Amino acid sequence: MREDHTQFEKADVQILGISVDHIWAHKAYAKALGDLPFPLLADWDKSVSRRYGVLNEERGAARRSLFLIDYLGRIRWSNPIFDWNESNQYAALREAMLALPRIPKPKAGP
């Protein structure tokens, strides 16, 4: 995601990383990676992970997952068991991203 971030920006896609880890763990993780061009959000109470159905209650951790949500808040594509090493899964993400409806731009006045 970091390597392709510019491509996502050109498509007006905002990337957000969400994890059940504490914000301090996120900062250390981002620093270890040489910083990230997108924010990491802490789902400390695990409510977001539960709501999206990706929380493993036994382990108290969320599965690595991806969701593409349009500007109206609708889930347009999801992969609740995303594997970063599977190039075909990443290709499906990029294809779905390009198919997302765009935010209507206001018409220029006279």
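The values are calculated or read from the model by the stated rules, or taken from the named source; none is laboratory data. Predicted model, so just to flag it, every value in this text is computed and none were measured. Reconstructed Cβ throughout: ideal geometry from the backbone, glycine too, with neighbour counts over all protein chains shown.
The table that follows gives values for the structure above.
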{"read-out": "Pick from the stretch 56-95, criterion over 18 Å from V20 (Cα atoms), of a type in the set (S, T, Y) and surrounded by 10 or more Cβ atoms within 10 Å (Cβ to Cβ), ranking: modelled with the lowest pLDDT", "value": "Y71"}
{"read-out": "Exclusive hit being within 23 Å of P101 (Cβ to Cβ) and not in a helix (DSSP H, G or I), set D45, D12, D35", "value": "D12"}
{"read-out": "Answer from R76, R50 - the residue that is basic (K, R) and within 25 Å of W24 (Cα to Cα)", "value": "R50"}
{"read-out": "Selection count, the stretch 3-22, where residues are in contact with a Phe, Trp or Tyr (Cβ under 8 Å, 6 or more places away or on another chain) and exposed (fewer than 13 other Cβ atoms within 10 Å of the Cβ)", "value": "3"}
{"read-out": "Flag if K46 is of a type outside the set (A, V, I, L, M) and modelled with pLDDT under 85", "value": "no"}
{"read-out": "Breaking point among (1) without any contact (Cβ under 8 Å) to a residue 12 or more places away in the chain; (2) surrounded by 15 or more Cβ atoms within 10 Å (Cβ to Cβ), for D43", "value": "(1)"}
{"read-out": "Residue tally, condition in contact (Cβ under 8 Å) with a residue 40 or more places away in the chain and more than 15 Å from the chain's Cα centre (by Cα), over the stretch 15-40", "value": "0"}
